[in-house]
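Only one structure is covered here, and it is reproduced in the block below.
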Protein chains: 2
Amino acid sequence: MKQSLFPQHDHDHSDCTSNLMKFADLYCQQAGLRLTKLRRTVLEKVAASHKAIGAYQILDNLAADGQKLAPISVYRSLDFLQEAGLIHRLESTNSYFACQRNFDDDLTNNNPISLNKCSETSPLVFLICDNCGAIGEVEGASIEPLIETVANSEKFKVKHSQLEIKGTCTSCQASS
Amino acid sequence: MKQSLFPQHDHDHSDCTSNLMKFADLYCQQAGLRLTKLRRTVLEKVAASHKAIGAYQILDNLAADGQKLAPISVYRSLDFLQEAGLIHRLESTNSYFACQRNFDDDLTNNNPISLNKCSETSPLVFLICDNCGAIGEVEGASIEPLIETVANSEKFKVKHSQLEIKGTCTSCQASS
DNA sequence: CTGCTATATGAAACAATATTACAATAGTTG
DNA sequence: CAACTATTGTAATATTGTTTCATATAGCAG
Ligand SMILES: [Zn+2]
Ligand SMILES: [Zn+2]
Ligand SMILES: [Zn+2]
Ligand SMILES: [Zn+2]
């Protein structure tokens, strides 16, 4: 059962985070990646909402928790998490959000974790609500052929692509 | 006759710039936009190559010409030029490049200038060579329906979208 | 032309984002 | 344990972009 990319503003987000963290633990373990305490904490901060968060917001956030870090520490964790495909970076706003592609299925069905689920070799497609800040991540498969076509016509060799679509999400349209 | 998005590295770029500046003058005049001396100079700097250039590079560049400006002056000009659709901003690299969509036809055929040629309401699609830095700008029309489809399925109201595709251009593949 | 007004530019300080370089510590392996 | 690699700490610095207020200039009405 397919659920909306944009959860209701008042949904119970604790489910989202617990699933996400559970997935992250399993995924890193199986991929041989070290989700250290710091990296895990940073991921929790990023995953705390469906909005994108800035590096310095995370920094302040951690400071408020009593954990005072230098910017570089946060950036290093963000780099790791991005490499791992657990978070993405919104280029247009210098901010980061947790990858929300449906790992729920894998977890609830006890499927093996798909290691390359969010590999950056497939195109990234994001719907960004400029009202509430929520991000909806779309499976990039549908634009892949189109990108191939464009690239082939120019004999351009594609390594990575990212599509950022800005506008207004359903929830925000309803409450306007 | 359609020419490649990626000109040869050794092409005569003076044609590109003179056409571009001629178009910019006409376009701004007809659109009632004021392409002031400063804005025009900044546009020349941006259009000096098919690569993207950073705001502070432009600043240094102008300083080398004896024109010492504050950052804000450059940013204001860049904002104007972007609003006018004469340049674009690469979000992933905080840099700016001149819009190269074919105005040549209009100029050589004495067609009326199409005022909304590069309106930001249509999707922007860029091919970015990570070797030589050249940008190829693709007519976004082909991905428009796809974006519509994705957005409609989520009842998302699109305002703006930008697709950045990174890889290697033909010229650079040849000389590798 | 003269003064009025809107637009554009100048100048200085500052804010936000990100990186470099090197030291210290923790984890892993033999 | 010793040696090695990966991670984190610390401090300084680089890069990118904005706020604020003052000044200049273009376009226009009288
Ligand atoms: Zn949630
Ligand atoms: Zn919203
Ligand atoms: Zn050229
Ligand atoms: Zn190239």
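Every read-out reported here was derived from the displayed coordinates using simple, explicitly stated rules and does not represent laboratory data. What you see is a predicted model; the values in this text were computed from it and never measured. Positions of Cβ are backbone-derived with ideal geometry, glycine not excepted, and every protein chain shown enters the neighbour counts.
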(request) Give me a single rounded figure for B:131-137: the average over its residues of other chain Cβ atoms within 10 Å of their Cβ. (result) 1
(request) Give the peptides A:127-136, A:150-159 in descending order of average Cβ contacts within 10 Å, highest first. (result) A:127-136, A:150-159
(request) Would you grab the residues whose amide H sits under 5 Å from the one on B:Asn131? Only those 5+ places off in sequence or on another chain, please, with H modelled 1.01 Å from N. (result) B:Cys169
(request) Let me see the pair-distance distribution of chain A: every alpha carbon pair, 5 Å bin width, integer percents in order. (result) 1, 7, 16, 19, 20, 17, 11, 6, 2, 1, 0
(request) Compute the label-point distances linking A:Thr93 to its equivalents in the other copies; points lie 7 Å from Cα along Cα→Cβ; give nm, one decimal, shortest first. (result) 2.5
(request) Kindly rank A:71-82, B:68-79 from highest to lowest mean number of other beta carbons found within 10 Å of each residue. (result) A:71-82, B:68-79
(message) Under a Cβ-only charge scheme (Lys and Arg +1, Asp and Glu -1), can you give me the dipole magnitude of the protein assembly as shown about the Cα centre, in debye to the nearest 20?
(response) 740
(request) Return the long-range amide H neighbours of B:Ser161 (sequence gap of 5 or more, or a different chain), with a cut-off of under 5 Å between placed amide H atoms. (result) A:Lys166, B:Leu124
(request) Scan around A:Leu90 for amide H atoms under 5 Å from its own, H built in the peptide plane at 1.01 Å from N, and keep only partners 5 or more places away or cross-chain. (result) A:Ser95, A:Tyr96, A:Phe97
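How much of the DSSP bridge set in chain A is antiparallel, in percent, rounded to the nearest 5?
About 60 percent, rounded to the nearest 5.
Within a 10 angstrom radius of each residue's Cβ in A:124-130, how many Cβ atoms of other chains show up on average? Whole number is fine.
Numbers: counts 1, 5, 1, 7, 4, 2, 2.
Mean partner shielding for this stretch: 3.
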(message) Explain nothing, just compute: Karplus ³J(HN,Hα) = 6.51 cos²θ - 1.76 cosθ + 1.60, θ = phi - 60°, for every residue of region B:164-170 in order, whole Hz, x for Gly and Pro.
(response) 10, 10, 9, x, 10, 7, 4
(request) Pairs of Cα atoms under 8 Å, at least six residues apart: use those to get the relative contact order of chain A, whole percent. (result) 22
(message) Spelling out what I want: for every residue of region B:67-73, take phi, set θ = phi - 60°, compute 6.51 cos²θ - 1.76 cosθ + 1.60 (Karplus), and round to whole Hz; glycine and proline get x.
(response) 9, 8, 10, 7, x, 3, 5
(request) Work out the mean other chain Cβ neighbour count within 10 Å for the residues of B:147-154 and drop it here as an integer. (result) 5
(message) Between region A:79-97 and region A:43-59, what is the separation of their alpha carbon centroids in Å?
(response) 10
(message) Can you list the copy-to-copy distances for B:Lys51, using a point 7 angstrom from Cα toward Cβ, in nanometres, shortest first?
(response) 3.8
(message) How charged is the neighbourhood of A:Arg39? Take every other residue with its Cβ under 12 Å from the Cβ of A:Arg39, and add Lys/Arg as +1 and Asp/Glu as -1.
(response) +1
(request) Give the nm distances, rounded to one decimal, from A:Glu139 to the matching residue in every other copy, measuring between label points 7 Å along Cα toward the beta carbon; shortest first. (result) 3.1
